[in-house]
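Every number here is computed from the coordinates shown, using simple stated rules; none is lab data. Just so we're clear, the structure is a prediction, and the values are computed from it rather than from any experiment. Glycine also receives a Cβ, built like all others from the backbone with ideal geometry; neighbour counts cover every protein chain displayed.
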Amino acid sequence: MSPARARVLTVIFWALAVPLWAADAAPWPKFTDITEAAGIQFKHSFGDFEMSNIAEATGPGCCIFDYDNDGYLDLFIANGDPHHLYVEEATLARNDGHGKFIDMTDVSGDFFSQKFVGRGAAFADFDNDGDLDVVIDTINDRPHILRNDGGNRLNRIKVVPVRADTGLVALNAVVTVKANGLTQVQPVLAVNGYLTSSDPRPHFGLGKADHVESVEIVWPGGQKQVLTNVKANQILKVKQEGK
């Protein structure tokens, strides 16, 4: 790990910080800024450049996904300023499961030592080997596909909620998976970041769990459907009931 990185994920935005917040308990929801405690540092720093909006600043492509299948969501950020064609390295930070994000860029492949003007970033399991890969769009360069090698050492499940009327993936459904002492919740979304669409099918890392205690799907109309004792390491296609 490079001392210069100080094991801190740094995203540089112009004129705007985007902190990480956690909700406190009742009676009314409130938020506590835990950004620095989580190992993430955002700075109001972009030199003397004058830019008209946040989309022209660095860090436009952000993926929140579980790249090592341990059940905790990690961060990938494609950096670079398109307005002045300022190149930067991408950033990968692993969630250690204890409220900290660890900078993994120096140990995650040669790509992270190269500089690009990154834009959108999306994730999907392109080779169907059980771990999530990343594709990055860049300016004045070709797109880059980062194949995840080794992220499938731990178990996982991909849940595909399918509408009964169309047979298509049920966008705006919400999937909850309970396994390995964790409860994970993911919405089924078509868009996940700046001008990008990732695989909408929720992917859940299960750690060493060889089965899922329960899979709950809340369909767009509010109907709930629950499956129990589901085997790990599969693409689970679930058709909506009663339609």
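How would the range 109-243 be classified by its alpha-carbon gyration tensor: rounded, prolate or oblate, with rounded meaning a/c under 1.5 and the a/b versus b/c comparison settling the rest? Taking the square roots of the gyration eigenvalues as a ≥ b ≥ c, the range 109-243 is oblate. On full extension, the segment bounded by Ser197 and Lys237 gains 12.4 nm, given 0.36 nm per residue less the C-alpha separation.
Pairs from the table (Lys30/Lys239; Lys100/Lys158; Lys208/Lys239) lying more than 30 angstrom apart at Cα are Lys30/Lys239. I want to make sure I understand the PRE zone here: with the label point 7 angstrom from the Cα of Phe126 toward its beta carbon, which residues in the range 164-203 have backbone N atoms less than 15 Å away? The answer is 197-199. Our summary of shape: the Cα atoms of the range 86-173 have principal axis extents of 48, 36, 24 Å, ordered from largest down, in whole angstrom.
Karplus-derived 3J(HN,Hα) values for the range 125-132, using 6.51 cos²θ - 1.76 cosθ + 1.60 with θ = phi - 60°, are 8, 4, 9, 6, 9, x, 10, 8 Hz; glycine and proline are entered as x. Within the range 207-243, whose backbone N sits under 19 Å from a point 7 Å along Cα→Cβ of Ala190? Once the point is set 7 Å along Cα→Cβ of Ala190, 219-222 turn out to lie under 19 Å by backbone N, inside the range 207-243. Annotation: lysines with alpha-carbon distance below 24 angstrom to Lys115 (same-chain offsets under eight excluded): Lys43.
3J(HN,Hα) along the range 143-159, derived from phi through the Karplus expression 6.51 cos²θ - 1.76 cosθ + 1.60 where θ = phi - 60°, amounts to x, 10, 9, 9, 7, 7, 10, x, x, 8, 5, 9, 7, 6, 8, 10, 10 Hz, with x in place of Gly and Pro. So how far apart, in nm, are the two label points at Lys115 and Gln225 if each is 7 Å from Cα heading toward Cβ? Here the modelled spin labels are 5.1 nm apart.
Projecting the Cα atoms of Gly109, His84, Ala121 onto the charge dipole of the range 80-134, computed from C-beta unit charges around the Cα centre, puts His84 farthest toward the positive end.
Here the Karplus curve 6.51 cos²θ - 1.76 cosθ + 1.60, taken at θ = phi - 60°, turns the phi angles of the range 160-166 into couplings of 10, x, 10, 5, 6, 7, 10 Hz, with x standing for Gly and Pro. Here the extension length gained between Asp149 and Asp106 equals 13.9 nm, from 0.36 nm per residue of separation less the Cα-Cα distance. Charges were assigned to the Cβ only: +1 to each Lys and Arg, -1 to each Asp and Glu. The resulting dipole of the range 164-243 about its Cα centre is roughly 80 debye.
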